[in-house]
Every structure is written in C-alpha cells, then in structure tokens.
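The values are calculated or read from the model by the stated rules, or taken from the named source; none is laboratory data. All figures in this text were calculated on a predicted structure; none of them were measured in a lab. Cβ: placed from backbone, ideal geometry, glycine included. Neighbour counts: every protein chain shown.
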C-alpha cells in the first residue's frame, strides 16, 4: 500500500501564506485557485485583513489554520516556525505591496506579488534593491504572460518567424469605470481610483502595465521613449481612466498602446498585435487559446493551444489538449507553477531549468516606470519621455 | 491567531479516492484538477493502476499516501477506516465503470464516475439500480453541462425565452481518430476503439453521449425516437468513428446530431444550437464563455459569462468576471463542486439546495441507451428506434 | 477620337429579355444587377408581369423600351426582330419556369433561369430534353456556386488537397417563415408556400436545392441515396419549412443536409463543410470571402478571396483585391458572366473556354429530383431513397 | 408594347465620362462597376490615358465610343455637344485630380473624384474654391462611407444611442507595401510612393485619409489637433508607410488613428470603434454587413445590414436582404447613387432629398489638411498640430 522506495516522491507542496485577499476581495481568490491548480502549494497561513475579525473570518472561510491580522506579525512568526511559510502571496492594494514584501523578503521568504510592483517609482526601486539583496524568488503576477499562446508567440518572435519587428499594437479596453463607481463605495473602484493607494496612474497602472508588459514579453523589444495622452473622462476622477500612448523602441520599431476603463461594452479586451518584416501575430485575451499568424505573402493561419504547429514553450505550460479551452485561471496558475519551479530549485539548491520564465522585479520596475513616464509625458503635452530607470 | 468561535469553519474537505488515472492517462489528471479548483476535495487514496508498480509510482508522483493496486481492496479497506474516503472518482475505461462503482457504492461511498456510465446497457441498468438502492451521491462527469453559459442557456429555455422549441442541432467533431491510431499502440485510441472496453459505440459512446446529454440538458426535451447512420471510415476500425443521427422528441421538436472523430482539422468541436418559436441559442465549446441569443425579429446578442444579462444559474458556477475566460477545467470543476454540495448536504443530513444540478444515473442510462439505439437503428438501415429504457 | 482599327472592340453586349421580376418582386432586381455588373448584357425587353399595366409600369421604372405583358408574345416577336433578344432571364415563380423557358428555347433564345429548374420532376425532365434538343445555352442561377471561394474549394478538392472525401455537412438556415407569413399576403411567402406554384417542396425546394447543389459542386460527389425527415412546423403550412436529410454518396462518403426557414434568428445561413482524409474545408455564405482549410495534423488556415494561396479558379471570377469584400451580387454576377462567355462563344461559333462553369440542366434536374426524393423518403418515414433520374 | 402615358419613365441615365482608369489601372474599373450597379449612369466618353494608343485601346475594351487622349480636349468638346457628358469620374493619380477637375467644373460638368482630393493643400483649397463657385456637384469617393452599416452607425450616434462620445479608435492596416514594391515597376506602388504624384503623405494620404474621414463621418466630431509619429519602414521609401496619430476633438473626445501599409498579413483592415458614455459601436470593413453595438451594462448585439433593428439611413442604401452580403463594390456604388440623386435633382431643378449624403469638397479639404498636419506634426516630433484650414 505504501509507495515503494523505488518511487521518488513528488516535492512536498510549498507552504504558502497570503497577505490581503480576505472577504470581498477579488484577486485574492484568483491567486488561491492559481496556487491550487497544479497542486504545488498549500495555503497554511494568512493575514487576510488588517481587521482582526475580518481576518479570522476569512481564514475560517478558507480553512486556513494560521490567521494573522498583522502581516508584520505573520512574517516574524512564520519565519520562526519550522513549518513556517516558504512563500507569501501579496494581494493587497498597490501601496501596500512594498511594505509587505519587505517584511517577508528580508526573512528569506519568497514573494509572489500582485502587479503593479508598487504605487510609486521610488518604492519600486527600493523594493527591487532589497529583493535582489535578499536573493529570494520574486514573482510578479503579470498573469497574461502565463497564457500558452503568449509563450508560443514569444517563441516564434525569438525564432525569427516574424522577421524584424516593425510594429507593436497593444490595447487593454474595459468599461467597468465608465461611470463614477468609486462614489458608490465599491471596494475595487474605491482604491483603484485613489492615487494614495493605487499610485499616480489609474488605467495606466491597473491595466496599462499589463499591456506594456505583455508587449515587451512577446516582442523582446526595449522601450526608447513614449508619448502619452492620458485622460480622466469621468468627472471628479483623480487618476487617468484612459490612456493613449505612442512608443518608440530602441530597435527602431514603433508601437501604440491603448488602455481604457471607460470603453463602454468592453470587458477585458487585452489584445496584442505585432508585425514584422516577414509575418505578424495577433492574439486576444478573451479567446486566448488561439494565436493568429499572418505571414507576408501567405495565408494567415491559426495556432491552437495544444494543437499542431505549436512548440515547446507553449507545451510546457499546457494542461489539456487542443479544443479544450484553458482560461484566465490556468494562465494565472502558470505564473504560480513557474515560480514553484524556481522556489523548489532554490529549496533543492539546484539551478532552475532555463525554460522557466515568470515576471519579476525587472518587469515590475519597468511597469512602474512606464506609469511614471506616461504621467510625466502627458503632463508635458505628450513630450517624448524615457523611463526613469 | 486562531479562528474565533464566532466564525463557522468551512466544511472539511471531502476525502476522495481515485480508481484509474495513473501515469499515461488523460482524464484522471483532469478530474484531479477539477477536484482541486474549488478546494472541496482532498485526494487521499488511489488505485491508479492494476499494475502495483505503476500504481505506486503514480501515487508517488501525486503525493497520495494511500496507494492500492486493487480497487476492491481499496473499497474494502477505505470503508473500514475512520478517515477513509467519502467519495471515489472512477476514471477507468468504460467497461470498468460498473464493476468499480459497485464496490464503492455498496459501501456507501459516493461515486463520481466518468462517462459513459458503462460499456453496455444491461450493466448500466444494473448499476443504476444498485446505486439507487445504496442511496449514494452518483455524479457522472458529463462535464460540458458544467459550463456557465450552458447553465444560462438552460435557464433561458426554462424561462420561455426561446418559446416552444422546434429544432435542436448538436454536433461534436474531432479528428484524432482520422487515421488508425489504435494500431500505433496509443493508449487512448487503443481502448476507445475496442468494443470490449469501450462498448458497442465508438464516437457515439465517446462523444456522441456528450452531445446527446448536452442537448437534453439545455432543451429539457425527451427523445421519442432516433434514426442513425453510423460509419467506420478508417479501415479495420471495430467501432463507429462517425455518426449521423436524426432525432424526434416527444414534444414534436426535431433534431440532428453529428459526432465524428474523423473530421480532419476539428479539435473538440462541440456545438449546440436550439431554435424555438421566439428565439434561438448558439454555443460553441471551444469558445465557451459566450452564448449567442438569436431572437426572431430582433438583433442577435451575445451573452458573456459573468456579464450583463446573465442570470443566477450561470452566476452560481462562475468564478471570475466577464472577459476573464473560464475553460474546460473550470466547467469540469463545476461538476465536482455541484457533487460536493450534494455530498456535504448528505454528510450534514440536510436537503440539497434545489439549484444544485449535475448529471447522474438518469443521464448515464440515457447515454448508454442512446448508443445502443444508434447501433440498433444503424443496423436496421436507419429505422426509427426508441431508447430501450 | 474614334477607336483605331488596331483595337478590337469588345463583343457587343448580349441583348437580354426578362420574364417576371416586375414591381414588388425580389429576385428580378438581383438578376438585373448581376447582369449589369460586368457590362456584358443589355436589358432591352421584358414581360415583367402578366398584368399589362404592371408590366408597362415596371418597364418604365427600369427604362426598358420593349415591354410585353405576355411572355409568349415576347418570345415570338423578339425572335422575329433583327435586334431581338439573344437571351432571356426567367425570374417567375417555380411553376412558370418550364412554360416560359420552352417558348424561348424553341426559338433558339438562350435561357438564364432562376432555381429550382421547375416545380415538378416530370416538367424538369421535359424541359431538360427540350433544351438539349434546342442546343441553347441554359444557365440555372444556383448563384452560390459563383462565389470565388467556392470555386477555390472545388479546385482544392479536385487537386486532392482534401484527400478522399469522407463527410459533407451542408446547411441552409433562415427564419423568415418562422411565422405564417403567407397568411399576411406577403408575395414571396404566398407563392413559395403554395405547392401549386412552388412545387412539392417548401424549404427543400427553395433553399435545400441550393445546399444540395453547392455540396455537389464543391465535392464532385454523386448521391447514392438519401433519408429525409421533413417538417412543417408552422400550423397550416402546406409545404415543408424544415428538412433534415442524411445522404450517402456513391464513393462511400456520407453527408448531412439541413435546410430550415424557421430557425429563429438565422438570416441566410448557408454553410458548407467537407472533410477528407487529409484536410477539410469550411465556408459560410454570410462571410463569403474566406475559406478555411483544416488540414489533418497542421494548423488551420484561412484563404482570402484575392489573397495569397488562392488559385486560378477563384481568380477568374474575382474583381477586387483581397480585403475588399465581394458579396452576394458579385457571386450572382459570376453566373451571368460565365453564361455570357458561353453565349458569346456560341455567337462567335467557337468552343467555350474549358474553365467556364455554371449550373445548368443537369444540376437543375438533380435539384428537382432531390426535392422529389426528400418528399418521398419523408413520406416513407425516412426510407433510404434514390433520385428518380 | 410601349410604355403607356400613365407611366412616368425613369430619369434618363447620367452621361458619364472618365479621366484615367485605362488598361492596368485598378480604381477605374471599380468606379465603372460602381456606376453601373444601380443603372443610373452611362459611360459615353473617356480620356483613359494620355497615351493616345492606350486611350483608344482602353475605350475599345470598354465599348466606349468617344475616346480622347487629352482630358482638356474632352472637357472642351464634350461641353459643346448636346449629348455631351453631364459628369466626369476622375481616377488619375492624386496630383492630377485638381488640373483635371478644374477643366470640367468650369464647364459646369459635375465631378466624381477619387480621393484624396489633391496632392497638396494649396491645390485643394484652390479646387474647393473653384468648385464652389461653379456650383457643380462634387463627390469625392471616400467610398467606405457608402457602407450601409456605416450609415447605420452614424444614425445611431446622431440619435444619441452612444451618449457623449469619449473615444474614437480607427485603423487601416495593409501590407502591400511591406517590401519596396515601387522598385519593381508595379504601377500602383510607383506613383503612390512618389511625393510628386501622391503628395507628401504615403499611407497617411492613401488610406489614413479614408480612416480619418470615416471616423468623422460616423462620429460627427471635429478635430481640434493631432500628434503624429510617421515612419518610412522600408529603406529608401520617400513617403510614410505607417502612421501613428493621436487626436483631440473639440468636444473633448480623444482618438487614435493607425494607418499602415507594412503590417504583414493585413489586407484591407479598416476598423472603426467609437465609445460613448452609453454605448460603443464596432465595425470592420472586411466583414462590413455587421455592426456591433456594445452598450454599457447590457449585452452587446450585432446589427445586420437589412436586418431587424436597422434604420432608414442604412435601408436607403441597401439592395438585398439580411444575410445576403453586400461588399466593397456596393458600398462604392452607393456614393455614385447618392451623387446621381444630387445630379438629377440639379438637372430637374429641384432640391435634393435631405437624406442624400456623400463626401465632397469639405471632406476632401479636411483629408488633405489631415495629411499635411500629420507630416508637420511628425516633423516636429509629434507636436500637437491643428489642421491648416
């Protein structure tokens, strides 16, 4: 009945804690499902809220034994336990990413942090520096890079299928802030439109960073400078709710980025198109299992996740066959799975598989710098502006 | 730090065993992910293979402590443990559903069984009778009924949005058996084209039952009789690999069902269209987050999972907002979640919420009877044939 | 200013007459536009109605000088004129196709006739015989065969790209007769649901013949037998308004055909899918500029009318570049253009270019026999039935 | 046989001449088909080329009796004929629009001119002034405004369905100049990339003007200023082949415009999206029969040309029912049909129906000024720039 000696048991699950994500939160539940899908994590502790009652209630809801109402207490106590958490998921509003992360990483606890990295650029730099010094694994959940067909797209770019990239067109259109939802007390709208908690960017920070990151991830390009025209369409709104950004890359490629939270009727319209001298690729997050390839001078074809013509990069983050759609949660789970590979390699003292890829501090810094540059450029009537890195 | 008394802890996770699903299997892994997504099950035992070495290896891979190489032994031993499994997932080839299920249900262990219910109709009837007598929860993973937009479609039919249904058009087109894959030793193709293990139907049993079930689930119609033209296009194939079926419902509605495993270039093309006197609905599994509604005399509109215009039936099986696609695994997980609600109600001795819905014995019997009727009809050159229930 | 002798003038426009198609008609206007698009016809005479007043009014509307209220008079008088019509377009209800056509073809006037060929099979046979004897060009406007991507599909089938065809799936779904429109006095519904004028088939004759013809045109297959289940869903309707048909081809291929005029929310949903051993093709009339090719074991690709990867068969009936959509009228015009090539070859006494292709008597006979066989099969509860040719 | 006195004959066809559009040209043939579709024009004269031999050959090809090799001669002589042309279609390269148009309009001959209005802004202003003084009908073939669903979209904007417009997103992506086609001698590429013939803009002039015009037509907005980043990706190219433009409207709305002739795999990708406070609309030229409406807080719906929910503005330029696709040529023909209504009203000395709408001098001036502003802005590193009108 017992496993025989000949069988090497799987690595034990990574003991995970969570900060934020209590009752009424959105992204916390997503992180928890993402952590469960591949069975590599076990959620054993949480500081789900700074309100003790709510923290405890959330822990009870979730069946999590060790509940804290202070993340600092959690960091300190867990670090002292033999069975303390090995990693922490940070799912707080943006301004609480850095303070929380610092508590854990200084104790050698790996960090999986929601995006953007921080609310401000100085914070981001400070956090990046501290994280690098601590040597922990630091994963930032730019989850859209977890989609298999995005991995496929990147692999094709790297293989030269597109030739030299000329154009990047990325957009992220939503409508959930088309009206002043923040005045209704809705929790998500409340903090995401509050510069003190969200940072200087609104739509640029919340979703523009995703779009920017995704374009960088796939294209491999480096931004030279940008020109931004940001708007706050909803009267009284304190952050941008729409952004139009032109981009120039160091390679000579050019790009357009559009992020909006006021595009009526748009749900989660993240779309990426990249065109090179030989071919283009087109992808839409709302139907993520397909990647269109548009060669110059040949018919366009559709790659299907798990299907013919896809390569290793997609295959290693794919669970089910072609035609069985994977979605947002699976893509998110891929970030967790990749981070787990890094954490387990660290635990085992071995080198991480070179194929492992997940967004981290570098991407986080770029994202916060992107928002900062957009705001500065827009403040100067669209002057071409470099990232302040 | 501990949960205060005021907080009612979540129900403890259902202790789950699994039969089948070891190394090299496909659907076992799907069941395991489905069981994990909502954190309501804990996989604690398995008879992953009848080969002891393989069983133990699979258990080690999965981190499952209690491994058996005999399902009968597992049923017997687990039933005696205080912490024994409360439910078993059966993910064996079709001919092994009934023998396995009987071992568990007679001991009061709930069963979550892959489809079709059994390989033969007599077996199905025997199993259904035994399961009814035992009183266990019996869930059959016709997983496509777990998709939120399928729930939405059913709710709209029930609410009369479509008026009186006239037409059902359901199809399930794949191509993975377009060539004699069974001769290559591929495990899935091997047993699925072997009548002794798969049953008398090939494509009709493997996917036709899904299509038939889905159409029934949404339409609420009852089949009167069918006329089938089954084919085995691949030379030497012992079961049908394509089926054309006409259907007449007791209400006077008519239908067409097409299932194929030789439709070159089709991946997992399950599509359902239903047209009534007032409106129609159209849905495709490969892009499952959308439901088209096609009213007579008004523009067609697209309902989006989690989006405006969707109702309670979809909402209760939805995890993430509109525009964040859910996929096959989430739909599958919904069957597990619904079964969990039934199991926990049983555990607690309370009535199950009336909204809970999952396929079970009735649907299983209908599916096996459908295959049986297709084979009989086709054998009589398409004579209109009733289900032998 | 005049054209120099060195320039060979284009052939003079074909002098065309029309029977039917007066005020309030639908298809007459379509024929006239189709005849104009490529500037190969000149409409010079018409018997637009049997009501003299209406005939004259229609002619005035259209700027047609020679107006008749009797098609027999028109045939007789035009045949005697030096500048009499060379061809006649027949756009009357079905029962008036044969009587009209006979008047013209016996005088050597070419015929372009709307489909189906006739209302009854005996009439069809009589007409076909007479037409063959007269030696005129006889074109039947199964206009969907005029779409360039349908030509492309046929060319690919002929070139063996699909391998051996196994499956044909064709459907034509509309909803305009979902309610008893014929009771409202609507002219189109009135005659199309009247067996005396439409023939024994309703949806089978009106649109099923198109679907059947299209599948034959592209696949090149020959029907062995069919099994039909026809319905008249609308109470009081005298002809079928929905048809479900299974098909067996002489090659061993199998097919499904669905035609409906009661599929709520469907406009003109003609779709063709054909799957062979090597690849499939998928095409939808409502977005006709694209043809999907679905190879076994390779990514599916989309051919675009006028675009890369398309061949001669499509190119010769294409007017504008890829991305500039052509539609229903252009496809219809291609039948007229092909017929013009035949007529001009006849006029010039030269052989017709072998690439010219348009539906004629053979296709017309098959269509009427198809309706006849559907009605007979359905009357015998779906007995497999051959075309009575 | 003759039309009775009671029947008012249709207006006689407008006698049309054409300048340009001889052998090897593209857009000339399009204009001719567009002029024929609704049977309102008769092409009776042409100066198809400045090469007499080619001019005469083209006339012979087309069956046009009066052929000229000089447009000035044609203007002079036709003006003197009793049966001289009433209107002229100008389909020359851009730099030849103004000189040609001036010859005709000063003789009171109506002008239908291809876009852009002229190659330079001073020319455009001069032409506009002269045309206004002459009082002729001047139609500019920004043909995409002829699509019924574009008319539908404009009607919905005007009716307030979208609320206050916040965002305009228009793009026009092609790939036909992704390589230095102009070096191959290809006629279209040759003049369209030559500033002397095309004007200072390349992609901005050739297709950016279409995009700009379409957005203005539907939105009804007035541009305040723009910021452009133009590129010439193909080495040696003398005009832009890609343009990124940000736009600010006087109402406070904002927009993005992308035009490209180097987007590999894109055919004729003109897409328009407009989002207001209440709803958005989305439309794609490559599938032009559908208009998506995306309300805030309600399901998105699809309007179909000719289908339920469409209004008068679309209906009056629609020829065939829903589901029977109309395309590029029909949309183009609508510009001709609208111009014909204006010309016939002028001929009859009556006021033009207020519903008639076609692009003319105002739109032409705006287009040329748009290109001019893009080039100036891009030359000043994207400085916000107003149209120099």
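Among residues belonging to region D:212-262 that are part of a helix (DSSP H, G or I) and touching a residue at least 60 places away in the same chain (Cβ under 8 Å), point out the one that is surrounded by the fewest Cβ atoms within 10 Å (Cβ to Cβ). Can you show your working first?
At the first step, the residues of region D:212-262 found to be part of a helix (DSSP H, G or I) are D:212-219.
In the following step, the residues that additionally are touching a residue at least 60 places away in the same chain (Cβ under 8 Å) were identified as D:212-214, D:216-219.
On the way: D:212: 31, D:213: 24, D:214: 28, D:216: 24, D:217: 20, D:218: 27, D:219: 24.
Filtering region D:212-262 for residues that are part of a helix (DSSP H, G or I) and touching a residue at least 60 places away in the same chain (Cβ under 8 Å), the one surrounded by the fewest Cβ atoms within 10 Å (Cβ to Cβ) comes out as D:217.
Before we move on, is residue D:275 buried (at least 24 other Cβ atoms within 10 Å of the Cβ) and either out of contact with any helix residue (DSSP H, G or I) (no Cβ under 6 Å at 6 or more places or on another chain) or on the phi > 0 side of the Ramachandran plot (or both)? Yes: the conditions hold for residue D:275. Against the list (1) at pLDDT 95 or above; (2) over 30 Å from residue B:235 (Cβ atoms), the condition residue C:301 fails is (2).
Looking across region B:280-298, the residues that are out of contact with any helix residue (DSSP H, G or I) (no Cβ under 8 Å at 6 or more places or on another chain) and crowded, with 22+ Cβ neighbours inside 10 Å come down to B:280, B:294, B:296.
Matching residues to (1) buried (at least 24 other Cβ atoms within 10 Å of the Cβ); (2) within 14 Å of chain D (Cβ to nearest Cβ); (3) over 21 Å from residue C:42 (Cβ atoms); (4) touching a strand residue (DSSP E or B) at 6+ places or on another chain (Cβ under 7 Å):
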residue	(1), (2), (3), (4)
C:61	no, yes, no, no
C:65	no, yes, no, yes
C:71	yes, yes, no, yes
C:79	no, no, no, no
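If the condition is being within 11 Å of another protein chain (Cβ to nearest Cβ) and either at pLDDT below 95 or assigned to a strand (DSSP E or B) (or both), then region D:150-171 contributes D:165, D:166, D:167, D:168, D:169, D:171.
Evaluate the following for residue C:40: is it under 21 Å from the mean Cα position of the chain (by Cα) and farther than 30 Å from residue D:34 by Cβ? No, not satisfied. Of C:306, C:323, C:349, all but one fail to be in contact (Cβ under 8 Å) with a residue 40 or more places away in the chain and surrounded by fewer than 24 Cβ atoms within 10 Å (Cβ to Cβ); the exception is C:306. The number of residues in region D:177-195 being assigned to a loop (DSSP other than H, G, I, E, B), under 18 Å from residue D:263 (Cβ atoms) and under 24 Å from the mean Cα position of the chain (by Cα) comes to 3. Put simply, of A:203, A:198 the only residue that is within 14 Å of chain D (Cβ to nearest Cβ) and within 16 Å of the chain's Cα centre (by Cα) is A:203.
Which of the residues belonging to region A:7-33 are more than 20 Å from residue A:57 (Cβ to Cβ), more than 8 Å from every other protein chain (Cβ to nearest Cβ) and modelled with pLDDT under 95? Within region A:7-33, A:11 is the sole residue that qualifies. Please go through region D:366-389 and pick out each residue that is at pLDDT 95 or above and closer than 17 Å to residue D:250 by Cβ. D:366, D:369, D:370, D:373, D:384, D:385, D:386, D:387, D:388 - these are the residues of region D:366-389 that are at pLDDT 95 or above and closer than 17 Å to residue D:250 by Cβ. Looking at residue B:329, is it modelled with pLDDT of 95 or more, more than 12 Å from chain C (Cβ to nearest Cβ), under 30 Å from residue B:40 (Cα atoms) and assigned to a strand (DSSP E or B)? No. Determine if region B:373-381 includes at least one residue that is out of contact with any helix residue (DSSP H, G or I) (no Cβ under 6 Å at 6 or more places or on another chain), within 14 Å of chain C (Cβ to nearest Cβ) and assigned to a loop (DSSP other than H, G, I, E, B). There is at least one residue in region B:373-381 that is out of contact with any helix residue (DSSP H, G or I) (no Cβ under 6 Å at 6 or more places or on another chain), within 14 Å of chain C (Cβ to nearest Cβ) and assigned to a loop (DSSP other than H, G, I, E, B).
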